[in-house]
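The values are calculated or read from the model by the stated rules, or taken from the named source; none is laboratory data. Bear in mind the structure is a predicted one, so any value in this text is a computation, not a measurement. Because the Cβ atoms are built from the backbone with ideal geometry, glycine has one as well, and the counts that use them run over all protein chains shown. Accessible surface areas use protein heavy atoms only, side chains included; no ligands, DNA or RNA. Shrake-Rupley method; radii C 1.70, N 1.55, O 1.52, S 1.80 Å.
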Amino acid sequence: MTSLPLRPLLAIALALGAVGAATIVHAEPKPAAAAIGPAVGARIATNAALVESTGRKTTLAAVAHGKPIMVVLFRSAKWCPYCQGQLKSLGPVAAAAKARGMGFIAVSYDSPADLAAFAAKQSLSYPLYSDTGSKMIDALKLRDPRYALDSFANGVPYPTTLLLDAAGTVKGKTVETDYKIRPSNADLIAMLARV
């Protein structure tokens with residue numbers, strides 16, 4: 001068995017480390033999550049058009065019924081495994097919101113048919129709504145800009161949760177710039193107390 005001299009191996013390791021460090025230094029920084037979307041304390045327009053999984057058109061205001069509401073914006077129930085896992089786990093949060101007399105919905109750019117299929121398969125206890133064309137996502141400045149126009153993911157939001165009071169004022173907010181990370185149910189249930 002032949003072995004390479006230690007000095008050339010060390011030189012190669014240092015060179016590879018320098019290349020990796022250079023790559024990291026030149027990477028674009030992620031935006032600060034707090035700066036994405038509406039600020040806590042801001043009032044948002046609640047006339048945003050949504051489509052129920054049944055295909056019926058409605059608005060965020062109509063869905064809220066004049067009450068506070070927690071809105072979870074997610075990437076896709078059709079193809080995002082992180083979103084699918086989150087959606088499957090949110091039943092206790094929806095139940096806690098209902099116990100407080102609040103609404104709870106989840107919204108994505110998925111088609112109503114895709115949302116209906118996922119909700120039925122998972123027996124979700126809360127409604128899913130389609131933001132067709134990502135209009136509400138764009139109005140809230142939550143579109144994840146990392147996807148090209150021809151990408152199937154173009155139009156997805158940063159994974160976000162908004163807690164709105166009856167007037168549409170943001171009382172609580174979480175935004176994740178890493179799509180693999182989601183807030184815990186305990187954190188979301190604690191957020192409900194802000195209204």
Quiz prompt | Those residues of region 43-60 which are more than 19 Å from the chain's Cα centre (by Cα), assigned to a loop (DSSP other than H, G, I, E, B) and under 24 Å from Ala117 (Cβ atoms), in sequence order | solution = Thr54, Gly55, Arg56
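Here's the yes/no breakdown for (1) open to solvent by 20 Å² or more (accessible area, probe 1.4 Å); (2) closer than 22 Å to Tyr158 by Cα:
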site	(1), (2)
Thr59	yes, yes
Pro81	yes, yes
Leu90	no, yes
Val93	no, yes
Ala97	no, no
Gly101	yes, no
Quiz item: For region 166-174, does any single residue satisfy the condition of being assigned to a strand (DSSP E or B), in contact with a helix residue (DSSP H, G or I) (Cβ under 7 Å, 6 or more places away or on another chain) and among the hydrophobic types (A, V, I, L, M, F, W, C)?
Solution: no
Quiz item: Considering region 104-157 alone, what residues qualify as being open to solvent by 10 Å² or more (accessible area, probe 1.4 Å), touching a residue at least 12 places away in the same chain (Cβ under 8 Å) and of a type in the set (Ser, Thr, Tyr)?
Solution: Tyr109, Ser111, Ser125, Tyr126, Tyr129, Thr132
Exercise. Please identify the pairs in which a residue from region 168-179 that is closer than 18 Å to Gln86 by Cα and of a type outside the set (D, E, K, R) has its Cβ atom under 6 Å from the Cβ atom of a residue that is open to solvent by less than 40 Å² (accessible area, probe 1.4 Å) and modelled with pLDDT under 95, counting only partners at least 6 apart or on another chain.
Key: Val175/Ala33; Thr177/Ala33
Quiz item: Among the listed residues Val72, Val40, Val63, which satisfies the condition of being modelled with pLDDT of 95 or more, within 21 Å of Leu163 (Cβ to Cβ), part of a loop (DSSP other than H, G, I, E, B) and out of contact with any His (no Cβ under 7 Å at 6 or more places or on another chain)?
Solution: Val40
Exercise. State all residues of region 164-194 that are in contact with a Ser or Thr (Cβ under 9 Å, 6 or more places away or on another chain) and surrounded by 14 or more Cβ atoms within 10 Å (Cβ to Cβ); if no residue qualifies, say none.
Key: Leu164, Gly168, Gly172, Lys173, Thr174, Val175, Glu176, Arg182, Pro183, Asn185, Leu188, Met191
Quiz item: Could we say that Thr177 is assigned to a strand (DSSP E or B) and more than 15 Å from Val51 (Cβ to Cβ) here?
Solution: no
Exercise. Determine whether region 142-156 contains at least one residue that is of a type in the set (A, V, I, L, M) and out of contact with any Phe, Trp or Tyr (no Cβ under 9 Å at 6 or more places or on another chain).
Key: yes
Exercise. Would you check which residues across region 29-44 are open to solvent by 70 Å² or more (accessible area, probe 1.4 Å) and either closer than 19 Å to Asp138 by Cβ or among the aliphatic types (A, V, I, L, M) (or both) and list them?
Key: Ala34, Ala35, Val40, Arg43
Quiz item: Any residue at all in region 24-35 that is at pLDDT 95 or above and within 25 Å of Ile189 (Cα to Cα)?
Solution: no
